[in-house]
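Engineer: Take a look at this one; I'll ask things after.
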Amino acid sequence: MVNEIKTIGVLTSGGDAPGMNAALRAVVRTGLHYGKKVIGIYNGYKGLLENDMKELTYRDVSGIINRGGTVLKTARCKEFLTPAGVQKAADNARAAGIDALVVLGGDGSFRGALALSQHGFPVVGIPCTIDNDIGCSDYTIGFDTALNTACDAIDKIRDTCSSHDRCSVVEVMGRNAGYLAINVAVATGAEVCLLPEKKFDLTDIMDKIKETTEKGKTHFIVVVAEGIGGIEFIAKTIEKQTGIATRPSNLGYIQRGGSPTVKDRVVASKMGLKAVSLLLEGKTNRVVIYKDTNIVDLDIVEALSLQKDFDNELVDVAEILTY
Ligand code: F6P
């Protein structure tokens, strides 16, 4: 079984995440360590359709462990997700001599990997997204870096808020999930956090802000998850109803870039090594996951069927520790 896989393909897909480069480096170097050939595919599945690929050496992945983004580039590719697209991608990979593909990305990228596996092409997925919204894995590469970036930005916004006695309504990324938002809210001591996972009433929030103003509080941070949005409206409503000068700020793409934290570099290195080890053991169509602090693996079909519980304990922490 071990000798069956001689050439491993690797691509990064979907939104870039800090630590993708560290995972790529680990995939390439583990493959080379075990005498395998590694081919890097540029621009995700789009590159597979366009035969945009190149054999990677130790030197190609030198000096990238500390870099954000992805040196392989990435794309979201609609054409790939048609049956003809998947077939063409599998044919191109086979024609390039690739025996199995390691996919670094989020949920959408894993669905692409699943489609390839259903066309008989072996895959392994590594979870990379700042959103931490992949149901099967407690942790996704890039989450810790994005948390720290957002936390640093909100600490700075807080300085201005406290100097001017203002309120800032800050939108944090996360697509439809509030994992980034709730963790950042706790870490920055945000007075309010609005999440897609929790119902809220703007009137209650106004009442809370007014009540704490009466107790002497003079500045506020309201963290709003991307899945809620509407920060301009929320800011206007707060200003109108409480009389506190309120400004909206969207942290935007600064949360996606930047040098990965130690945690992201280490998890990425472990996951990259694990992905190649699985292939060498003859295990394919797996997703590498982070479960109870261990790096383990799951069948890709099962992995994609799982949903993650929201951390309600953190919601309680956020509510009890503010005001
Ligand atoms: O998945 C990462 C992420 O940054 C989400 O938080 C956000 O909703 C989305 O990607 C934005 O994607 P794009 O850059 O393709 O518009």
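Engineer: With no solvent and one point on each alpha carbon, what is the Debye value of log10 I(q)/I(0) for the stretch 145-253 at q = 0.15, 0.17, 0.18 Å⁻¹?
Structural biologist: -0.55, -0.71, -0.80
Engineer: How large, in percent, is the carbon and sulfur part of the accessible surface of the stretch 145-253 at a probe radius of 1.4 Å?
Structural biologist: 46
Engineer: About the Cα centre, and with charges only on the beta carbon of Lys, Arg (+1) and Asp, Glu (-1), how big is the dipole of the stretch 145-253? Nearest 20 debye, please.
Structural biologist: 60
Engineer: Rg to Rh for the stretch 258-318: what is it, with Cα atoms only and Rh by Kirkwood?
Structural biologist: Reported Rg/Rh (Cα atoms, Kirkwood Rh): 1.07.
Engineer: With charges only on Cβ, +1 for K and R and -1 for D and E, what is the dipole size of the chain about its Cα centre, in debye, rounded to 20?
Structural biologist: It works out to roughly 1160 debye.
Engineer: Leaving out ligands and nucleic acids, and using a 1.4 Å probe, what accessible area per residue does the chain come to in Å²?
Structural biologist: About 44 Å² of surface per residue is accessible.
Engineer: Which whole number in µm²/s is D for the stretch 70-180 by Stokes-Einstein, with the Kirkwood Rh taken over Cα pairs at 4 °C and 1.567 mPa s?
Structural biologist: 78
Engineer: For the stretch 245-303 and the stretch 66-113, what is the separation of their C-alpha centers, rounded to whole Å?
Structural biologist: 17
Engineer: Taking the alpha-carbon distance from residue 208 and a cut-off under 27 Å, which lysines remain once sequence neighbours fewer than 8 residues away in the same chain are dropped?
Structural biologist: Excluding near neighbours in sequence, the set is 156, 198, 199, 217, 236, 240.
Engineer: Next question, about the same structure. What translational diffusion coefficient, in µm²/s and rounded to a whole number, does the Stokes-Einstein relation yield for the chain at 25 °C and a viscosity of 0.890 mPa s, taking the hydrodynamic radius as the Kirkwood radius over Cα pairs?
Structural biologist: 119
Engineer: Calculate what fraction, in whole %, of the accessible area of the stretch 63-109 sits on carbon and sulfur atoms when a 1.4 Å probe is rolled over the protein chains.
Structural biologist: 54
Engineer: Taking the mean number of other Cβ atoms within 10 Å as a proxy for protection, how do you rank 76-83, 132-139, 23-30 from highest to lowest?
Structural biologist: Ranking the peptides 76-83, 132-139, 23-30 by packing returns 23-30, 132-139, 76-83.
Engineer: Then there's this: Within 12 Å, Cβ to Cβ, of residue 278, how many net charges do the neighbouring residues add up to if Lys/Arg are +1 and Asp/Glu are -1?
Structural biologist: Summing Lys/Arg as +1 and Asp/Glu as -1 gives 0.
Engineer: Here's something else I'd like to know. How much net charge surrounds residue 308 when only the other residues with a Cβ under 10 Å from the Cβ of residue 308 are counted, with Lys and Arg +1 and Asp and Glu -1?
Structural biologist: Here the charged neighbours net out to -4.
Engineer: List the relative contact order of the stretch 145-253 as a percent without decimals, with contacts defined as Cα pairs under 8 Å and 6+ residues apart.
Structural biologist: 40 percent.
Engineer: Still on this structure, please answer the following. Based on the mean of other Cβ atoms within 10 Å per residue, sort peptides 182-192, 210-220, 46-56 so the most packed one is first.
Structural biologist: Ranking the peptides 182-192, 210-220, 46-56 by packing returns 182-192, 46-56, 210-220.
The values are calculated or read from the model by the stated rules, or taken from the named source; none is laboratory data. Since we're looking at a predicted model, the values are computed, not measured. So basically every Cβ, Gly included, is an ideal-geometry build from the backbone, and we count neighbours across all protein chains shown. Accessible surface is based on the protein model in full, side chains and every heavy atom, while ligands, DNA and RNA are left aside. Shrake-Rupley method; radii C 1.70, N 1.55, O 1.52, S 1.80 Å.
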